[in-house]
Amino acid sequence: IHDGTESVANDFFDNNPQIIDWVIVELRTSTDAASKVSSRACFLKSDGSIVDLDGTSDVEFTNLDPNIDEYYVVVHHRNHLPVMSAAAVSIN
């Protein structure tokens, strides 16, 4: 579901020093890895928040099933084990 084709301008990180790394945020309908419905690349900021690829906006997922409003959220980082929310969270 995630193809990994995202990119930013060469000077993006110079202009956004609060961004420290890329992460992949994934949505699942259950705790089972096979229930992944969407994933996308995002940025991790130095304060621990995760933002969209413009460096400031909240992360948005498109084309989600309108009948499902709660998902388990998984964050993948290249140097750490993935972490998942303990319970499904409302995504709207």
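Details
- Just one of the listed residues (30, 7, 38) is of a type in the set (Ser, Thr, Tyr), part of a loop (DSSP other than H, G, I, E, B) and free of Cβ contacts under 8 Å to residues at least 40 places away in the same chain, namely 7.
- Taken over region 69-81, the criterion of being in a loop (DSSP other than H, G, I, E, B), touching a strand residue (DSSP E or B) at 6+ places or on another chain (Cβ under 8 Å) and either closer than 15 Å to residue 92 by Cα or free of Cβ contacts under 8 Å to residues at least 12 places away in the same chain (or both) is satisfied by 69 alone.
- Restricting region 10-27 to residues that are in a loop (DSSP other than H, G, I, E, B) and among the polar types (S, T, N, Q), the residue that is farthest from residue 72 (Cα to Cα): 10
- Scope region 32-43; condition within 9 Å of the chain's Cα centre (by Cα) and not aromatic (Phe, Trp, Tyr); matching residues: 39, 40, 41, 42
- Scanning region 43-60 for residues that are assigned to a loop (DSSP other than H, G, I, E, B) and surrounded by 15 or more Cβ atoms within 10 Å (Cβ to Cβ) yields 52, 53, 55, 59.
Read-outs throughout are calculated quantities, based only on the coordinates presented, and are distinct from any laboratory measurement. Computed from a predicted model, the values in this text were never measured in an experiment. Methodologically, a virtual Cβ is constructed for each residue, glycine included, from the backbone with ideal geometry; neighbour enumeration extends over all protein chains shown.
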